[in-house]
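Right, one structure below, let's go through it.
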Amino acid sequence: MSLVIDNSTPFILLQDKGRFGCRHLGVTQGGALDWVSMGWANWLLGNPLDAAVVEVGLGAFSLTCQRDGVLAIAGADLGATLDGQPLPAWGAFRVRSGQRLAFAHPRQGARAYLAAPGGFQGECQLGSLATVAREELGGLNANGKALAMGDQLHWQGEAGQVRTMPRERVPDFSAEARLELILGAQIGDFSGQSLFDAFNSQWAVDTRADRMGVRLLGPKLECRTQSMISEGIALGAVQVPPDGQPIALLNDRQTIGGYPRLGALTPLAVARLAQCLPGATLRLVPTVQEAAHQEHHKALSEWWS
């Protein structure tokens, strides 16, 4: 064994890139909500960027090391400590057998990602070990359950090139999020006032937020479309139900939906939204697909620059 879990919550999940090519079966994507932080955690250890990690949501998580090695953390600052000594929120660190790694509570951001050499082991289902509770897929025991006290985590190899996180690339999760949104097919059905409000107002993250989606609180948006035939739902789709309060859909979303959509958040915006705690404020920024592609490629290039 490599790590034994001492304390856990339903928000501590084994994740990787998620499942693709199976939404026609009604199976959702799953995977790390903040794929950028997951990538950096793996990059720090020289892993494949999509190697399996532990998504630590909100903290209250602790483990005991059963072997010497190197681990890495990226993402939210959850007050991580090793034997009571503070660890950086972004960085690799050595552990010895018997040491205790703990995550306390959010200081900045909502989700941290714990990586190990080669990635954590698990049984792949439909090409992924991503944990999706609703579908009872993935996770340590291939049943969709969160990591629990007494579970044993194993990693697959030795650390490759251990790297140092470039300081200029560490995001500031305390700043107001600006989320780019690619305009969607129903954008012309919203009133002019609603479109003005959507992109010129401050939105607050509701307490009704999970891995399926995040409700946003702000001005009521009105759409002429009253009923639709259900359509496939893309990652980051921003639906507007009859109450006029948008819902941004995330990795564990349903595969189809029938509410009109403003559009879809870019993958980078989805990752940023995943770090927003309830009560946090954000703004929606309209963009087009070509510009979003350029920003996405720029972000990916940072791992190889």
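The figures follow:
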{"quantity": "Of all accessible heavy-atom area on the chain, the percent that carbon and sulfur account for (1.4 Å)", "calculated": "52"}
{"quantity": "Using alpha-carbon coordinates, inclination of helix 289-301 to the longest axis of the chain, degrees", "calculated": "10"}
{"quantity": "Charge tally in the Cβ shell below 15 Å around Gly57, where Lys, Arg are +1 and Asp, Glu are -1, Gly57 excluded", "calculated": "-1"}
{"quantity": "Cβ-defined net charge surrounding Gln294, 15 Å radius [Lys, Arg +1; Asp, Glu -1]", "calculated": "-3"}
{"quantity": "Gap separating the Cα centres of region 172-231 and region 39-82, nearest whole Å", "calculated": "32"}
{"quantity": "Positive dipole terminus of the chain, leading residue within Ala209, Leu101, Ser227 (C-beta point charges)", "calculated": "Leu101"}
{"quantity": "Rh (Kirkwood; distinct C-alpha pairs) - region 170-305, Å", "calculated": "15.2"}
{"quantity": "Exposure rank, largest accessible area first [Glu55, Glu168, Glu222; 1.4 Å]", "calculated": "Glu168, Glu222, Glu55"}
{"quantity": "Three semi-axes of the equivalent ellipsoid, region 129-229, Cα gyration tensor, whole Å, largest first", "calculated": "39, 23, 14"}
{"quantity": "Local net charge near Arg272, Cβ-Cβ under 11 Å (Lys/Arg +1, Asp/Glu -1)", "calculated": "-3"}
{"quantity": "Whichever lysines have a C-alpha closer than 22 Å to that of Lys17, once near sequence neighbours (fewer than 8 apart) are set aside", "calculated": "Lys145, Lys298"}
{"quantity": "Sequence-separation-based contact order of region 142-224, relative, with Cα cut under 8 Å and 6+ spacing, percent", "calculated": "24"}
{"quantity": "Shape call, region 203-268: gyration tensor on alpha carbons, a/c limit 1.5", "calculated": "oblate"}
{"quantity": "Residue-by-residue Karplus 3J(HN,Hα) for region 117-129, coefficients 6.51, -1.76, 1.60, Hz, glycine and proline x", "calculated": "x, x, x, 6, 8, x, 8, 6, 10, 6, x, 7, 10"}
{"quantity": "Table column - 3J(HN,Hα) (Hz), region 46-53, Karplus curve with 6.51, -1.76, 1.60, x for Gly and Pro", "calculated": "x, 7, x, 5, 9, 4, 5, 10"}
{"quantity": "Mean residue ellipticity (222 nm) of the chain, computed from DSSP H runs ≥ 4 via -39,500 (n - 2.57), nearest 500", "calculated": "-4000 deg cm²/dmol"}
{"quantity": "Anisotropy class of region 45-114 from Cα gyration tensor, a/c 1.5 cut", "calculated": "oblate"}
{"quantity": "Accessible area in square angstrom per residue, the chain, 1.4 angstrom probe", "calculated": "44"}
{"quantity": "Overall Cα dimensions of the chain - principal axes, largest extent first, Å", "calculated": "62, 40, 33"}
{"quantity": "Whole-number D in µm² s⁻¹ for region 1-85, Kirkwood Cα-pair radius fed into Stokes-Einstein, 10 °C, 1.306 mPa s", "calculated": "111"}
{"quantity": "Highest average packing first - 93-102, 242-251, Cβ atoms within 10 Å", "calculated": "242-251, 93-102"}
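The values are calculated or read from the model by the stated rules, or taken from the named source; none is laboratory data. Everything numeric in this text was worked out from a predicted model, so none of it was measured. We place every Cβ from the backbone using ideal geometry, glycine too, and count neighbours over all the protein chains shown. Calculation scope for accessible area: heavy atoms of the full protein, side chains included, ligands and nucleic acids excluded. Shrake-Rupley method; radii C 1.70, N 1.55, O 1.52, S 1.80 Å.
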